[in-house]
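Reading through the structure tokens given below for one structure.
What follows is calculated from the coordinates using simple rules that are stated; it is not laboratory data. The structure displayed is predicted, hence computed values, not measured ones. Using ideal geometry, Cβ is built from the backbone for each residue, glycine included, and neighbour counts are taken over all protein chains shown.
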Amino acid sequence: MKFIIVTHVPHFVEQDQYFGYAPYVREMNIWLKYNDEVTIVAPVSKSTKSPIDLAYRHHKINFKKVPNFSFTGLNDSLLSLFKLPLLFCKIAWAMKQADHIHLRCPGNMGLLGCIIQIFFPSKTKTAKYAGNWDPKSNQPWTYKLQKYILNNTFLTRNMQVLVYGNWENQSKNIRHFFTATYSEADKINIQKTINSSVKIKFVFVGGLVEGKNPMYAIQFVEKLLQLNKNVSLDLYGDGVLKVTLEKYIETNNLKDNVVLHGNKNQEVVKKAYQQGHFVMLPSKSEGWPKAIAEGMFWGCVPVATKVSCVPYMLDFGNRGLLLQMDIDKDTITINELIENSVNFEKKSVAASNWSQNYTLEYFESEIQKLLQ
């Protein structure tokens with residue numbers, strides 16, 4: 001079967017191999033197992049490969065390079081208009097050759113893919129919507145347009161759209177889905193506890209960007225330190241806020257308790273989860289936050305915002321804490337849990353038991369069904 005991927009994820013070429021953001025490529029490698037030929041339509045970056053990039057694994061990959069484009073500003077929008085004819089032609093031609101069309105949404109390439117796939121109603125198609133599918137959420141118009149097209153059974157036919165969370169009034173195109181990082185072999189019985197003699201470790205994994213809100217995580221732990229709690233915070237990721245966060249940590253004498261580790265590979269992050277007590281993500285928007293699901297797998301109690309399907313993941317507070325984004329109220333709530341080791345252990349076990357249902361083996365079996 002000829003399989004085409006339309007994605008906005010930037011790729012890197014090194015020794016005739018194509019690399020991309022590791023969590024995305026790791027997932028796509030599972031899809032590629034069941035296809036004879038793969039065409040990837042995506043932009044190529046001039047940046048060098050980083051510890052969080054991974055190579056595709058397939059014997060026959062055709063890569064169709066397309067230019068980056070954006071509609072976020074007037075100049076970018078005008079420039080992008082000149083690029084659109086080439087983009088449309090490349091995507092449409094690749095779709096014409098394919099047996100199965102796979103779109104990665106939301107994103108600029110996903111938007112074009114959503115529009116162009118309308119002209120191939122008989123082709124078998126899937127779309128992975130990795131963002132927040134909540135119909136009531138406040139999102140850019142380009143995201144709303146993608147959701148409208150994908151959900152519309154007249155415009156989008158022969159399509160299964162994989163979304164995070166169960167939402168009312170959705171068409172037959174929409175399918176509740178999940179993602180996974182760890183295998184059945186990784187499963188272990190988790191027994192984490194907290195007491196006054198042990199430093200309580202918080203873990204943050206994500207981009208150091210406005211949307212992930214790493215500053216709130218730092219100030220949250222700072223507040224607990226002011227309450228004389230023996231806590232620490234390890235942040236894994238990089239981004240435009242790095243310098244700002246470094247200055248804040250230095251100015252407020254937090255360097256002994258708050259550490260920016262930068263981008264690290266999966267094994268390093270895995271060890272952090274295994275040693276951690278809480279995984280924290282005060283994000284403004286999410287789909288299925290892998291950092292939360294991964295931390296839960298290793299018994300970390302999740303502390304996250306009420307966005308997308310996160311309340312469902314946390315069983316509305318039974319296997320974690322839902323942030324109110326009020327620093328005083330949130331620190332009172334976490335402090336009560338720190339003081340109650342029995343309740344902490346209960347939530348830790350519940351988090352682990354739930355997350356360990358979503359293994360790579362289960363994920364792969366569901367992918368196979370989609371491709372049959």
DSSP beta bridges in the chain, what fraction antiparallel, as a percent rounded to 5? 10
Please report the spacing between the Cα centers of segment 1-56 and segment 209-257 in Å, no decimals. 33
Round to a whole angstrom and tell me the spacing of the C-alpha centers of segment 305-372 and segment 279-304. 7
Using a 10 angstrom cutoff on alpha carbons, build the Gaussian network for the chain and name the most mobile of 32, 81, 314. 81
Using +1 at the Cβ of each Lys and Arg and -1 at the Cβ of each Asp and Glu in the chain, identify which of 233, 15, 362 lies farthest towards the dipole's positive end. 15
For residue 329, counting only aspartates and glutamates whose alpha-carbon sits under 17 Å away and dropping same-chain residues fewer than eight positions off, the answer is 222, 339
Got a sec to turn the phi values of segment 325-336 into Karplus ³J(HN,Hα) couplings, 6.51 cos²θ - 1.76 cosθ + 1.60 with θ = phi - 60°, whole Hz, x for Gly and Pro? 6, 10, 4, 5, 5, 5, 5, 5, 5, 5, 5, 5
When 123, 128 are arranged by how many other beta-carbons sit within 10 Å of their Cβ, fewest first, they go 123, 128
Given springs between every Cα pair under 10 Å in a Gaussian network model of the chain, which of 329, 242, 144 has the largest fluctuation? 329
Output the relative contact order of segment 167-267, whole-number percent, from Cα pairs under 8 angstrom with separation of 6+ residues. 26
Ranked packing of 296-307, 341-352, most packed first, by mean Cβ within 10 Å: 296-307, 341-352
Of the candidates 200, 311, 47, the farthest towards the positive dipole end of the chain (Lys/Arg Cβ +1, Asp/Glu Cβ -1, centred on the Cα centre) is 47
With only Lys, Arg, Asp and Glu charged, each at its Cβ (+1 for the first two, -1 for the last two), find how big the charge dipole of segment 253-339 is about the Cα centre; round to the nearest 20 debye. 360
Please state the shape class of segment 188-355: rounded when a/c is under 1.5, otherwise prolate if a/b exceeds b/c and oblate if not, all from the C-alpha gyration tensor. rounded
With +1 assigned to the C-beta of every Lys and Arg and -1 to the C-beta of every Asp and Glu, and no other charges, what is the dipole magnitude of the chain about the Cα centre in debye, to the nearest 20? 980
Selection from 188, 155, 176, by position along the positive dipole direction of the chain (Cβ): 155
Using the number of other C-beta atoms within 10 angstrom as an exposure proxy, rank 93, 288, 354, 141 with the fewest first. 141, 93, 354, 288
Whichever lysines have a C-alpha closer than 21 Å to that of residue 33, once near sequence neighbours (fewer than 8 apart) are set aside: 2, 60, 64, 123, 125, 128, 369
Report ³J(HN,Hα) in whole Hz for each residue of segment 316-321, in order, from the Karplus equation J = 6.51 cos²θ - 1.76 cosθ + 1.60 where θ = phi - 60°; Gly and Pro get x. 6, x, 6, 10, x, 10
Match the structure shown to one of the listed values [x] 0.94; [y] 1.03; [z] 1.76 of Cα Rg over 2.2 N^0.38 Å, computed from it, and give that label. [y]
If the chain between residue 60 and residue 97 were fully stretched, how many nm would it gain, using 0.36 nm times the residue separation less the Cα-Cα distance? 11.8 nm
With the contact rule set at Cα under 8 Å and sequence spacing of 6 or more, what percent relative contact order holds for the chain? 14
For residue 347, the lysines lying under 18 Å Cα to Cα, once residues fewer than eight places off in the same chain are dropped, come out as 187, 192, 201, 306
Stretched fully, the stretch from residue 122 through residue 335 gains (0.36 nm per residue minus C-alpha distance, one decimal, in nm) 71.1 nm
